[in-house]
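Only one structure is covered here, and it is reproduced in the block below.
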Amino acid sequence: MASTSTRAPVGLSSVTRDGIGASPRRPDGTLKVTGEFAYSSDMWMEDMLWGATLRSPHPHAEILGIDVSGALRLPGVYAVLTHEDVPGEKRYGLEYRDQPVLAFGKVRYKGEPVAIVAADHPETARRALERIKVDYRVLEPVSDARRAALDPDCPLVHEEGSLPLHEEHNQRGNRVRYQPIRTGAFADGASVEEVRALADVVVTGEYEVGMQDQAFLGPESGLAVPAEDGGVDLYIATQWLHVDQRQIAPCLGLPADKVRLTLAGVGGAFGAREDLSMQIHACMLALHTGKPVKFVYNREESFFGHVHRHPATMRYEHGAKRDGTLVYATMEIVLDGGAYASATPAVVGVASSLGIGPYEVPHVSVDAYGVYTTNPPCGAMRGFGAVQACFGYESQMDRLAAELGMDPVDLRIKNAVSQGSRIITGQEIDMPMPMAEMLRRAREMPLPPDRSSLPAPSDPRTLPGGVANTSHGEGIVRGIGYGVGLKNLCFSEGFDDYSTARVRLEVVGGEPAVTVHTAAAEVGQGLVTVKGQIARTELGVERVTILPSDTRVGSAGSSSASRQSYMTGGAVKTACEAVRERVFALVRERGLVEDGHPDALLSLSGGKVVSAAEGVLISLADLLGGEAIEETREYHHRPTQMLDPSRGQGSSHTQFGMCVHRAVVDVDVELGLVKVVALDAVQDVGKVMHPQQLAGQIQGASAQGLGLALMEEIQVHDGVIRNPSFTDYLIPTILDTPPMRIDVLEHPDPHAPYGLRGAGEPPTLSSTPAIVAAVRNATGRPLTHAPVRPEDIVGIDPPQG
Amino acid sequence: MDFLSPSTWEEALAAKSAHPDAVPIMGGTDVMVELNFGRRRPPALLDLTRIPQLRDHGPDDGYLRLGAGVPYTTIIERLRDRSPALAQAARAVASPQIRNRGSVGGNLGGASPAGDAHPPLLAVDALVELASVRGVRRVAAREFYHGPRRTARRDDELISAVLLPEPAGPQSFSKIGTRNAMVIAVASFSLALDAQARTVGTGIGSAGPTPLRAIEAEKFLASEFDWDGAASPSPATVTRFGELVASAARPIDDVRGSAHYRRHALSVMARRAVSWAVTDYRKEIARCA
Ligand SMILES: Cc1cc2nc3c(=O)[nH]c(=O)nc-3n(C[C@H](O)[C@H](O)[C@H](O)COP(=O)(O)OP(=O)(O)OC[C@H]3O[C@@H](n4cnc5c(N)ncnc54)[C@H](O)[C@@H]3O)c2cc1C
């Protein structure tokens, strides 16, 4: 790189510290581990009131009348509001506007908000709820998603004609979206029987994925403060400030600029904060009472306060040649969206387009349904749609390998996609996709030692059952399994997705300093750190301040779909480049370089302007003096297309990500208990922005997939959640979470900033089927339901009702 | 809600007598959850944390006396040899934070059928000491559990201690949960052998409306066990013991597991417990020889 013909740069620290590729400390890290970080539930204001929500006790009922007079008479109560008090639009929604701010006419799920109260004490607010009388006529719940999808006689959750129609989604009856995909002979109208004749070996399977919860730790909370201009300021833990604003303002009957949002401390999100919870309620009460109003759901309420992962039932058929070459695949998936659409249309779009996974299959037929039922609403959760499908198609690949007597990794390699392959929507994978190499690397990773060679083989912490002392080695069988998942990254299907960044460079106290302002939600993923790293790298300035995220700057889009490093990272990079150009213009203006000196030879490093030819030209402090340079930029990813509603063709995705997992488990085959011994991952992330945070994302996503494999399920019976607590909704503890070896590849995506690929979701896909495959390997059981229950392992019917 | 905070045991008993509906609070790991979830709105809380003797433990006439407020952590760290099954159960309770506060007295006060302390107390034939201004009485754990969350404790009584007989043979406790730590029992089982009396004790948790004993299984194993030589019981004997334990359970289907699985798991735990007892018993014989 260094050339002898150029003068060595003088007084230049070679690279700016803590830029991209380094692992600087996250600015919120110390506060979080010492317990000092202010989460949204910690906010407090003099004079504030406490909000509380009356929720429907029934999954499905007609509302005959609401009497709030008893609640209003309670001293300390400032307001009791119902749907009649909603100032503007009565309904909102992420994709379809179908969800009432407060129920009117009917309630469609147990826990649906019916009335809200503001009082001077949370206990008073709670008591006021008990005094609201709601007269219900209970209706039959619509609990069976399959029936909702396929039976035209199934009762409707939403009355005919009550919703705006979305024909592009084949929306009809209880179907929120129906997406078929037909390729190869299926596109020409061939029947399954005809296509089946092309294969030597056929395997079928039915699989289920249970309703998973995001299980964030910070419950829904926020503070709404009425403003003098008749508007409202809302401090809120969310994933996307502007989409909240876009939904809240019409319901309040206010223009968007009168509803200003600032991000409050977010205690985890994982998709659960993509929909509104208490936002409109808090604003309504604040505007009504003229006082700040705070809401904090408790843990139980939180289970009713956010959407969950769609439970899915799937039917697959795969046909292959004797040598393992896949010939055809059919898939039918029914995704239970519950009472309101939320992200269901997008979930169907993902589940269908990625429905048979990262495999080359000439003839494919997919039918994907997302439906309304009177079950709890389901929507975004890490890896949505792709997680459910991945459990199905990976289970099928193992079944096919067993049928063929082939090694499951070899079968996957044989049919693996690569750069240039087309997925079933016809979209080309136009970025590196070294799937075969990734599988080989996963297989070649060293295996954990056998139990017998452990230093303390009888240490209960190494055994299934843990310290509860269920085995001293009896009944333990080891198993190994693999999983691969293909995930779309960034928003899909024609959405004009963008992010906005404002970057300011100025001299503060004699030093150059950068301020970065975006509306992007830091939900724990570490975006605040990455924004700072990008600014340091691009502007060669170490001192970077990240302003709080709010709606005073343009939308950043959602902290979901693994998209923020790409999108907001891209926006910060672009804004920094614009600032840099202006710095270089200033350099030219000052005559520090000759006219015609190409920008390409200039750079910013160590707080100085450097020329590749002449070394340091000037420090930024001297160049700028009192002047500040500020630029705002929007970053858009390349356009995508809607899937066509009849054959599901179209380049609907922005980017693809992939992770491969190998799981090693010890199973107590008599008791049905599992200890995951190792959960190793190979992932291609294009470019590592922050190694430590990347490891955190991969390990966290793997653990969330482990939860879905072995324990996490919201149990719903006739529309009623039976385990709305962390006592009975189990998530993995440290004793359930094995050491994880991570092998990261960096094949850059030419379309993405720095070549990076969203990294937060792909491991959530592959970890679940890898673990279940390992348990199958140890037990020989079919295990078609995720999570696997002890009953399934020992061959006893799971609990009913 | 009143908060009564006596600093002596006498004051506590007087307060409980004056306010029989006051809810005692020790570690608070059950009480606070119930308050937070709004399941309970008692007129008064009776704070027992300031009474030093509730945290005492020591020998008492052939028993280990364990103050009702001794936290699980202390049992694990200091009393393992004198209460092996209970210490194993204590180790299986919740997380370090909860074990630092939670107590056997609290477990008995709530009397949840899933409480981990109950099966060992049944198996070893412990006594529960109850006190009121009217006096002190000791009730066998085996007589203590009357129905779902109902016990022999009267409204004006507080639990002062449990008394555990000196261990006279192998003891164990096992608990099934669907994760490897911090889980409420799906089913649990405790076994205690008394080599002097040549008796067997059992305790079953989370598989009936109350903690249960498997009395037939106890008698069966006591008669089949080789008390002199600790020869391995036949597979048929072990299987039969497992069946008898399972059949003593009265489980239901619930969110944590099916009745069928609970019975199955109990039979497996019971079989394993017998084989561990045999091994331990042999070691004991070898040591004494
Ligand atoms: C996260 C979590 C996990 C848990 N996991 C487990 C587990 O794995 N296994 C398990 O068994 N339990 C578990 N529990 C429940 C709880 O920790 C235990 O029941 C514990 O033994 C209660 O003890 P405590 O001192 O905290 O009782 P408290 O909450 O103070 O009291 C519990 C009950 O006993 C009564 N009481 C307390 N002391 C007396 C007394 N001296 N006389 C009369 N009545 C009294 C109280 O009035 C109340 O009804 C868990 C709880 C939590 C919060």
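Here are the numbers:
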item: B:ALA68 being in contact (Cβ under 8 Å) with a residue 40 or more places away in the chain, of a type in the set (A, V, I, L, M) and more than 12 Å from the ligand (Cβ to nearest atom); result: no
item: Residue match in segment A:70-77 (condition: in contact with a strand residue (DSSP E or B) (Cβ under 8 Å, 6 or more places away or on another chain), within 30 Å of A:GLU140 (Cβ to Cβ) and not in a helix (DSSP H, G or I)); result: no
item: Among the candidates A:ASP728, A:ASP736, residue that is outside the structural domain of A:SER559 (by TED's automatic domain parsing), over 20 Å from the mean Cα position of the chain (by Cα), touching a residue at least 40 places away in the same chain (Cβ under 8 Å) and farther than 30 Å from A:VAL572 by Cβ; result: A:ASP736
item: Among residues of segment B:8-33, those that are closer than 18 Å to B:ALA161 by Cα, within 11 Å of the ligand (Cβ to nearest atom) and not β-branched (Val, Ile, Thr), counted; result: 8
item: Any hit, segment A:89-99, residues being among the hydroxyl-bearing types (Ser, Thr, Tyr) and either surrounded by fewer than 22 Cβ atoms within 10 Å (Cβ to Cβ) or not in a loop (DSSP other than H, G, I, E, B) (or both); result: yes
item: Neighbours by Cβ (under 7 Å, 6+ apart or cross-chain): first from segment A:113-139, of a type in the set (Ser, Thr, Tyr); second buried (at least 18 other Cβ atoms within 10 Å of the Cβ) and assigned to a strand (DSSP E or B); result: A:THR124/A:VAL77; A:TYR136/A:ALA61; A:TYR136/A:ILE63
item: Qualifying residue in segment A:723-743 (condition: of a type in the set (Ser, Thr, Tyr), touching a Phe, Trp or Tyr at 6+ places or on another chain (Cβ under 9 Å) and within 14 Å of another protein chain (Cβ to nearest Cβ)); result: yes
item: Segment A:782-791, residues that are within 14 Å of chain B (Cβ to nearest Cβ) and more than 18 Å from A:ARG309 (Cα to Cα); result: A:ARG789, A:PRO790, A:GLU791
item: Index of the failed condition, B:ARG213 passing every other in (1) among the basic types (Lys, Arg); (2) buried (at least 18 other Cβ atoms within 10 Å of the Cβ); (3) within 16 Å of the ligand (Cβ to nearest atom); result: (3)
item: Qualifying helices (runs of 4 or more DSSP H) (wholly inside segment A:206-322; at least 3 residues being over 22 Å from the mean Cα position of the chain (by Cα) and not assigned by TED's automatic domain parsing to the domain that holds A:GLY700); result: A:241-252, A:279-289
item: When residues of segment B:39-51 are limited to those that are surrounded by 12 or more Cβ atoms within 10 Å (Cβ to Cβ) and more than 10 Å from the ligand (Cβ to nearest atom), the one nearest to the other protein chains (Cβ to nearest Cβ); result: B:ALA44
item: Selection from segment B:178-196 of residues that are in contact (Cβ under 8 Å) with a residue 12 or more places away in the chain and either in a loop (DSSP other than H, G, I, E, B) or within 16 Å of the ligand (Cβ to nearest atom) (or both); result: B:THR178, B:ALA181, B:MET182, B:ILE184, B:ALA185, B:VAL186, B:ALA187, B:SER188, B:PHE189, B:SER190, B:ALA195, B:GLN196
item: Some residue of segment A:752-772 being away from every other protein chain (no Cβ under 14 Å) and either surrounded by fewer than 17 Cβ atoms within 10 Å (Cβ to Cβ) or on the phi > 0 side of the Ramachandran plot (or both); result: yes
item: Residue match in segment B:197-210 (condition: within 11 Å of the ligand (Cβ to nearest atom), within 14 Å of chain A (Cβ to nearest Cβ), surrounded by fewer than 21 Cβ atoms within 10 Å (Cβ to Cβ) and of a type outside the set (Phe, Trp, Tyr)); result: no
item: Some residue of segment A:328-345 being among the small types (Gly, Ala, Ser), within 20 Å of A:MET658 (Cβ to Cβ) and within 24 Å of the chain's Cα centre (by Cα); result: no
item: Strands (runs of 3 or more DSSP E) contained in segment A:505-616 and holding at least 2 residues closer than 30 Å to A:ALA264 by Cβ; result: A:511-517, A:544-546
item: Odd one out for A:ALA341 among (1) surrounded by fewer than 24 Cβ atoms within 10 Å (Cβ to Cβ); (2) part of a loop (DSSP other than H, G, I, E, B); result: (1)
item: Any helices (runs of 4 or more DSSP H) falling wholly within segment B:91-168 and containing at least 2 residues that are modelled with pLDDT under 95, within 14 Å of chain A (Cβ to nearest Cβ) and surrounded by fewer than 16 Cβ atoms within 10 Å (Cβ to Cβ); result: none
item: Selection from segment B:104-127 of residues that are farther than 18 Å from B:VAL93 by Cβ and not acidic (Asp, Glu); result: B:LEU127
item: Test: residue in segment A:283-306 that is surrounded by fewer than 24 Cβ atoms within 10 Å (Cβ to Cβ), closer than 22 Å to A:MET435 by Cβ and among the acidic types (Asp, Glu); result: no
item: Pair list, Cβ < 7 Å and 6+ apart or interchain, from segment B:5-33 residues that are within 14 Å of chain A (Cβ to nearest Cβ) to residues that are part of a loop (DSSP other than H, G, I, E, B) and near the ligand (Cβ under 10 Å from one of its atoms); result: B:THR29/B:GLY102
item: Checklist (1) within 11 Å of the ligand (Cβ to nearest atom); (2) farther than 19 Å from B:ARG99 by Cα; (3) more than 14 Å from chain A (Cβ to nearest Cβ) applied to B:ASN36, failing item; result: (3)
item: Selection from segment A:781-798 of residues that are of a type in the set (Val, Ile, Thr) and at pLDDT below 95; result: A:ILE796
item: Qualifying residue in segment A:644-662 (condition: more than 15 Å from A:LEU354 (Cα to Cα) and aliphatic (A, V, I, L, M)); result: yes
item: Matching residues in segment A:516-542 - criterion: being out of contact with any helix residue (DSSP H, G or I) (no Cβ under 9 Å at 6 or more places or on another chain) and surrounded by fewer than 22 Cβ atoms within 10 Å (Cβ to Cβ); result: A:VAL528
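Results for (1) modelled with pLDDT of 95 or more; (2) in contact with a Pro (Cβ under 8 Å, 6 or more places away or on another chain); (3) more than 30 Å from A:TYR372 (Cα to Cα), shown as yes or no for each residue.
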site: A:GLN697; (1), (2), (3): yes, yes, yes
site: A:ALA701; (1), (2), (3): yes, yes, no
site: A:GLN704; (1), (2), (3): yes, no, no
site: A:GLN715; (1), (2), (3): yes, no, no
site: A:ILE721; (1), (2), (3): yes, yes, no
site: A:HIS747; (1), (2), (3): yes, yes, yes
site: A:ARG757; (1), (2), (3): yes, no, yes
site: A:VAL775; (1), (2), (3): yes, no, yes
site: A:THR779; (1), (2), (3): yes, no, yes
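For (1) of a type outside the set (Lys, Arg); (2) within 10 Å of the ligand (Cβ to nearest atom); (3) without any contact (Cβ under 8 Å) to a residue 40 or more places away in the chain, each residue gets a yes or a no:
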site	(1), (2), (3)
B:GLY105	yes, yes, no
B:LEU121	yes, no, no
B:GLY135	yes, no, yes
B:HIS146	yes, no, no
B:ARG149	no, yes, yes
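The values are calculated or read from the model by the stated rules, or taken from the named source; none is laboratory data. Quantities reported herein were computed from a predicted structural model and do not represent experimental measurements. For neighbour counting, all protein chains shown are included, and Cβ atoms are generated from backbone atoms with ideal geometry for every residue, glycine included.
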